[in-house]
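The values are calculated or read from the model by the stated rules, or taken from the named source; none is laboratory data. Source: prediction; values computed, not measured. Cβ sites come from the backbone with ideal geometry, for glycine too, and all protein chains shown count toward neighbours.
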Amino acid sequence: MASAGIKPSTMRAVQYSSYGGGGASLKFVEIPVPSLKKDQVLIKVEAASLNPADYKVQQGMLRPFVPKFPFVPVTDVAGEIAEVGSGVSEFKVGDKVVAALKFWKAGGLAEYVAASGSLTVLRPDGVSAAEAAGLPMAGLTALQALKAIGTQFNGTGSGSNILITAASGGVGTYAVQLAKLGNHNVTATCGARNLELVTSMGADEVLDYKTPEGAALKNSSGKKYDYIVNNAKGGKWSAFKPKLSSRGRVVDVAPPSFGNVVAWILTRFTKKKISVFLMSLTMGELRFLLELVKEGKLKTVIDSQHPFEKAADAWDKCLSGHATGKVIVEI
Ligand SMILES: NC(=O)c1ccc[n+]([C@@H]2O[C@H](COP(=O)([O-])OP(=O)(O)OC[C@H]3O[C@@H](n4cnc5c(N)ncnc54)[C@H](OP(=O)(O)O)[C@@H]3O)[C@@H](O)[C@H]2O)c1
């Protein structure tokens, strides 16, 4: 294995050891720097980006299988390669990269993490660690949800009339920008404090979800949506259905309610449809997103950047469900 020169034997990491407890249950520990399997790279972490999935694992969403305690959380990281496994040929020590960690192993809230070489990509010059770290889960989700509705990102698509809910969140902020690259007419929902931001990202109309019109998902033209990308928890098929055009479709990104899962099955046989969505870690698509950021066509909206010592604050901000864009921990 190639070595980064001075690699410490131990590192600081943040762990939790039981379900629940939010940021208060995160503890700093000194643990061994991970040793590598041959298909892995060791990343010296510069930025870790939090996602709702991170706190849902802590809440026990996948109990009793995940996580194994004690657990170092957070899946999305950017940093520098410190060591390369013997079976990895694409990277060398010193390369700037972004990686998606496996959610059942995670490890991102630490000074070093062992990442699969196949889930790591080079970070282009000019893209900061924080900007890149925001992309794996939230950016890929936004991109794949839009691809699921046939979006073309090369300027050739004619676009559709679409609604994106929770447009101020990690997924939503990427989704609005990507939807505009796909020539869609975008109505977006968010809270009052983010109306201006979401408009500045290119949304054609922005609805405050706490007003009657916003809650009713009603745009000013009254035109029905060809597609709805739902990022808002609690979004119901019964509310979406009347807002869809005759062959309209909902892509349910947020964790689906029981009713939405039933509707997913039943609407396989109807013109208006809802489908439950699950993102996948596709590195070619992550490279595509990084290029868009490099070219200035896509921005990572950053809610807040927290020093490592304040990781608990970052955790609680994400857990609040009121982040605007991505919550980043700098390590
Ligand atoms: N299916 C998948 O594969 C997949 C992948 C990634 C994420 N997800 C899920 O997708 C959802 C969104 O993820 P995220 O990272 O974007 O979450 P997030 O960053 O935590 O979203 C927070 C934002 O959502 C806004 N919001 C909350 N409820 C809203 C509503 N009813 N209408 C409009 N805006 C609302 C909040 O605005 P205010 O602060 O103004 O309330 C806040 O700005 C999460 O539930 C996540 O678990 C699923």
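A few points about this structure:
- All told, Val29 falls short of being over 23 Å from Asp95 (Cβ atoms) and at pLDDT below 95.
- Pick from region 307-331, criterion surrounded by fewer than 19 Cβ atoms within 10 Å (Cβ to Cβ) and in a loop (DSSP other than H, G, I, E, B), ranking: farthest from the ligand (Cβ to nearest atom): Gly321
- Residues of region 28-55 classified as in a helix (DSSP H, G or I) and without any contact (Cβ under 8 Å) to a residue 40 or more places away in the chain, total: 0
- Of the helices (runs of 4 or more DSSP H) lying entirely inside region 149-235, the ones with 2 or more residues being touching a Gly at 6+ places or on another chain (Cβ under 8 Å), within 28 Å of Lys317 (Cα to Cα) and of a type outside the set (Gly, Ala, Ser) are found at 170-181.
- Taken together, Phe69, Phe103 contain a single residue that is surrounded by 18 or more Cβ atoms within 10 Å (Cβ to Cβ) and part of a loop (DSSP other than H, G, I, E, B), which is Phe103.
- Pairs where the first residue, in region 75-97, is in contact (Cβ under 8 Å) with a residue 24 or more places away in the chain and the second is part of a strand (DSSP E or B) and among the basic types (Lys, Arg), C-beta under 6 Å, 6+ apart: Gly79/Lys44; Glu80/Lys44; Glu80/Lys96; Ala82/Lys44
- Residue-level analysis places Lys223 outside the set of residues that are among the basic types (Lys, Arg), surrounded by 18 or more Cβ atoms within 10 Å (Cβ to Cβ) and more than 16 Å from the ligand (Cβ to nearest atom).
- Ser304 falls short on exactly one of the conditions (1) crowded, with 19+ Cβ neighbours inside 10 Å; (2) in a strand (DSSP E or B), and that condition is (1).
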